[in-house]
1. Which one is farthest from the chain's Cα centre (by Cα) among residues in the stretch C:183-234 that are under 20 Å from C:L157 (Cβ atoms) and in a loop (DSSP other than H, G, I, E, B)?
2. Taking the stretch B:245-256, which residues are surrounded by 22 or more Cβ atoms within 10 Å (Cβ to Cβ) and without any contact (Cβ under 8 Å) to a residue 12 or more places away in the chain?
3. For the list (1) out of contact with any Gly (no Cβ under 9 Å at 6 or more places or on another chain); (2) part of a helix (DSSP H, G or I); (3) over 18 Å from A:V278 (Cβ atoms), I need the number of the one condition that A:A103 fails.
4. Considering only residues that are under 15 Å from A:L277 (Cα atoms) and free of Cβ contacts under 8 Å to residues at least 40 places away in the same chain, which ones fall in the stretch B:88-125?
5. Could you say which residue among A:V156, A:V224 is of a type in the set (A, V, I, L, M, F, W, C), more than 8 Å from chain B (Cβ to nearest Cβ), part of a loop (DSSP other than H, G, I, E, B) and over 30 Å from A:P57 (Cβ atoms)?
6. Please go through the stretch B:1-54 and pick out each residue that is more than 8 Å from chain A (Cβ to nearest Cβ), among the small types (G, A, S), surrounded by fewer than 19 Cβ atoms within 10 Å (Cβ to Cβ) and not in a loop (DSSP other than H, G, I, E, B).
7. Considering only the stretch C:83-90, I want to know if a residue exists there that is within 10 Å of another protein chain (Cβ to nearest Cβ), hydroxyl-bearing (S, T, Y) and over 17 Å from B:P176 (Cβ atoms).
Amino acid sequence: MAPPPAPVADASRCTRPPPDMRTAIALPFAWLIVFFLLPFALVMTIALGTNAPDAAPPVALGLSLDNFKLLFTDDLYVAAWLNSLRIAATSTMVTLLLGYPMAYAIARAAPERRPLLLTLVVLPFWTSFLIRVYAWMGLLAENGILNQFLRWTGLVPHPGTILGTEWAVHIGIVYAYLPFMVLPLYAALEKLDWGLLEAAADLGARPTVAFLTVTLPLSLPGIVAGCLLVFIPAVGEFVIPDLLGGTGTLMIGKVLWDEFFTNGDWPLASAVAICLLVLLVGPIALFQRQQARSLERRP
Amino acid sequence: MRSQARFAFTLLCFGYAFLYVPIVLVMAYSFNASRLVTVWAGFSLHWWRALFHNDAMLSAAWLSLRIALVSATCSTVLGLAAGYALARAPAFLGRTLFGSLVIAPMVMPEVVMGISMLLLFVGAERFLGGPDRGFLTIVIAHTTFSLSFVAIVVQARLADFDRSLEEAAMDLGATPWATFRTVTLPLIAPALGSGWLLAFTLSLDDLIMTQFVAGADTQTLPMRVYSSVRLGVDPQVNVLATLVVIVAATALVVSGRLTRRR
Amino acid sequence: MTEPIVRLEGVAKRFGDVAAVDGVDLEIGTGELFALLGGSGCGKTTLLRLLAGFEAPDAGRILIGGRDMADVPPHRRPVNMMFQSYALFPHMDVTANIAYGLRREGLARGEIATRVAEALALVKLDGLGARRPAQLSGGQRQRVALARALVKRPKLLLLDEPLAALDRKLREGTRFELVRLQEQLGLTFVMVTHDQEEAMSMATRLAVMNAGRIAQTGTPHDLYERPASRFVADFVGIANILDLGDGRWLAIRPEKIGLSVDRPETAHAIAGNILDVAYEGDRSLYRVAVKGGPVMLVSRTNMLRLERESFGRGQHVWLGWSSDAGQVLNE
């Protein structure tokens, strides 16, 4: 993958680090090159090969672009790509709309109550992802608790099944990734000087205007970080569409999984992985730049 | 401004309800007498007993715990080195690549990392004759993506850190290594501890990468839960969920107490 | 000057495009309390860090006690530093902070305890050894930092803005305290400060720095009464600078100028009108507009309690000074 442009790449200032530091760099660097970077080269090699079901591993090496061609011409794959992007984008928006007021309320709460409120947001993250997705299976099933509740209230006498639809996938993503949205937003809002809002009010800005012109722009780094932290993994999500989306929902992570485990087509799955990577290189680089910048900005 | 705060607070309460109602329901139904998770048939400890006699589930849990312990420790050591290098090393050749490599596993889709690591291990098996897929390959996979999280936590702590403390130590005659041991390490220990805990949790919970690199005979807890849940709702998973929530909540409360006392 | 303990020869240090220290030659004698004075970004702190070994010079040599420090890392240098932030280890109590350097030397437990106790007594902190830095006041923290550096018995103690973090009242008492310790222990102090009053009142000699270079070195009296350049005249105290033409200027201090209603019989006299008066309690500062010249600053000590202001705004006055009242400058 392409590294983001270097902010400090001034070759003349590059010095040889001291010996202890050299170990600190070399150890993780070597690990990541062998176990993270090198494998991508392998994925690319395999993606250019063809499926050989009788061989072990089931791959015939080659230099064919057929797998990639298939991904761009077959309606099923194109639909899976578009679906993944659309579902990830809309659920990121919903997560933002729910997460922002939450982070705002926590940041404005009394300082001694903030740790508790924040812990309550983080706690689900420390429990199992799989189990949290599973929790919605019982809720959203045809005879599930949500539908029983809707029938009981009489508001919706004949609710349809939500499980197995895109709705369920959206709910699952928002639910699973909400903490990832709230945390960076809170970090940005907590640093905000509330005196600025009083200054804006003093200068004649109505609360809405003050929010739009002061709070929102100043929390933008948090918004970008939060959205990327939700969007990037959501595009490649597998567990949520698999357990909540049923057969009807096509998402690219699930396609990759099925090609690999169900159809045993390693080269095609590798091609899907490469395309997913290319698609997400932009957002990932953006996230890295922001991460690096926010760390450098500290005193 | 006050009405904005009230609106935000209302949504905060809604958010908490959204986060916790599903979890609470899952926990409640672990005490259900019926097999159907949608029908309440009275209180029973049946599923709790069943889980504690489910040898397959228990051995999977034991395996997951061992993997998590080893990989969390490995990724803490590597993540500490990486975070320290990112925060403290002067500009060096390859620094940009290094920084990208450290952060990337955090956001890389797991399916992509999973397939790429599997291909690496298949290649290694083919050309180097090993390692066999199982415990070791899972530990390597988990270490690779957890080390990013530890590195970020360490780097953030070191960025907040008053550099003159390390200079003072050197000024008083401490060698670079003694400085690290007596000043840097004790001061970033809490960050390191939470990094370890994070890596431990991530490893314990990982399904996708594990599924790719586990090999045929190895089944971790998430793999077992997943294969049972795929077929529909399973009350024993509810029991497991209840246990996980209790352990996580206790750990968070205890660590919160510990950090506040400092 | 006594035998030099520090010698800098053409020392330079750049950070990117900025020359922080730009060709500095300097000698500091044993037993001096030497101050590096300058505004922010003048390179004084970088110079101190070069002495401590936290930065390596790009050019030039640094000798401490006659030994070239080029390959000597910070932890092997015979100097200790008191940091501006004090840099007390927050995870150790006061005793452990002070003992830190001695433990690195591998001294015996008993000796460490004795010397820590001595150091605590020296800075008058007996009985506070078990406290954590967070439980101390600002003044106490400063003294712990001092004790921690002094306990190593360094030949040379570096102090980075030692008083900057203290409030005003505490600062004045601490000044005398530092001078007392320096004389009592017979050490050499090199102190960095941006506060000229502090530098003038404490130092035996000082160097004024500007843009990475040393503008002038000398005793406080030298610098005040015989500044070498307009920069020094202006930076140390207040000076009226009159253009004499031909690239020459006259620097004259406000208190060296007499103020009178009638023309005085001094060597120089000039008439003007008072623009405004700043009453400062012990003295008053007058701004006087002079015909064909700059606005002149004149100060008068308010010696009598009941004296009404004898000069008021708008009043026509005469300024007078003797022929040796000012310093002629060439730069």
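The values are calculated or read from the model by the stated rules, or taken from the named source; none is laboratory data. Keep in mind that what you see is a predicted model, and the values were worked out from it rather than measured. Neighbour counts run over all protein chains shown; Cβ positions are idealised from the backbone, glycine included.
1. The extreme case among them is C:G186.
2. Of the stretch B:245-256, the ones surrounded by 22 or more Cβ atoms within 10 Å (Cβ to Cβ) are B:245.
Within the stretch B:245-256, none qualify.
3. Only one criterion is unmet by A:A103, namely (1).
4. Once the filter is applied, which keeps residues that are under 15 Å from A:L277 (Cα atoms) and free of Cβ contacts under 8 Å to residues at least 40 places away in the same chain, the stretch B:88-125 yields B:S100, B:L101, B:V107, B:M108, B:P109, B:V112, B:S116.
5. Numbers: A:V224 fails: part of a loop (DSSP other than H, G, I, E, B).
Sole residue among the options that is of a type in the set (A, V, I, L, M, F, W, C), more than 8 Å from chain B (Cβ to nearest Cβ), part of a loop (DSSP other than H, G, I, E, B) and over 30 Å from A:P57 (Cβ atoms): A:V156.
6. Selection gives B:A17, B:A28, B:A50.
7. yes
Residue-wise test of (1) among the aromatic types (F, W, Y); (2) away from every other protein chain (no Cβ under 14 Å); (3) closer than 26 Å to B:L240 by Cβ.
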position	(1), (2), (3)
A:K69	no, yes, no
A:A79	no, yes, no
A:L82	no, yes, no
A:R86	no, yes, no
A:Y100	yes, no, no
A:M137	no, no, yes
A:Q148	no, no, yes
